[in-house]
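The values are calculated or read from the model by the stated rules, or taken from the named source; none is laboratory data. The model shown is predicted, which means the values in this text are computed figures rather than measured ones. Here the Cβ positions follow ideal geometry from the backbone for every residue, glycine too, while neighbour counts run over all protein chains shown.
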Amino acid sequence: MAFEPPTPELLKQRARALRAKSTDPESLLWNLLRNRQLGVKFRRQHPFPPYILDFYCVESLICIEADGSQHYTLEGRMRDAIRTAYLEERWIRVVRFTNQEVLQETEAVIAAIWDVVHPRSDKVPVIVAQPSSSSTRPLTTAQDA
């Protein structure tokens with residue numbers, strides 16, 4: 001039996017389900033990317049048939065992926081290589097971070113994303129420490145600080 005990719009409606013439903021149960025690294029990254037905090041709009045768990053992208057910026061054609069341990073098996077690396085080639089053929093740049101990098105080196109991850117989104121900009125984002133109770137506080141950029 002031949003593999004049939006999911007219909008767009010099934011892909012949309014799967015993206016909604018992924019948004020509802022995001023991992024801690026995805027939630028942290030989303031809180032820092034949402035609401036144009038880096039000057040561009042990112043979408044979370046965005047369907048791009050036949051894939052769902054963790055974070056996608058239409059304006060910059062950039063896909064940000066937060067990779068868990070399943071991406072580091074031989075099979076996972078092969079799947080990622082095929083997926084990356086597919087997206088790059090469609091002019092989408094794929095930037096990958098490990099879950100550990102997102103959680104432990106958050107400032108470096110945001111600075112790297114900033115550099116990809118704003119390659120010629122001198123404005124580097126500064127992450128302002130946030131109390132745990134207000135995780136949706138906007139990111140302050142160097143321009144604002």
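Odds and ends about this structure:
- Filter result for residue 115 (touching a His at 6+ places or on another chain (Cβ under 7 Å) and at pLDDT below 95): no
- Residue match in region 63-86 (condition: free of Cβ contacts under 8 Å to residues at least 24 places away in the same chain, in contact with a strand residue (DSSP E or B) (Cβ under 7 Å, 6 or more places away or on another chain), surrounded by 13 or more Cβ atoms within 10 Å (Cβ to Cβ) and part of a helix (DSSP H, G or I)): yes
- Residue within region 3-20 that is modelled with pLDDT of 90 or more, more than 16 Å from residue 52 (Cα to Cα) and of a type in the set (A, V, I, L, M, F, W, C) present: no
- Residue check, residue 24 touching a residue at least 12 places away in the same chain (Cβ under 8 Å), within 20 Å of residue 100 (Cβ to Cβ) and surrounded by fewer than 20 Cβ atoms within 10 Å (Cβ to Cβ): yes
- The numbered conditions (1) modelled with pLDDT under 95; (2) in a loop (DSSP other than H, G, I, E, B); (3) within 14 Å of the chain's Cα centre (by Cα); (4) more than 22 Å from residue 98 (Cβ to Cβ) are all true for residue 47 except (2).
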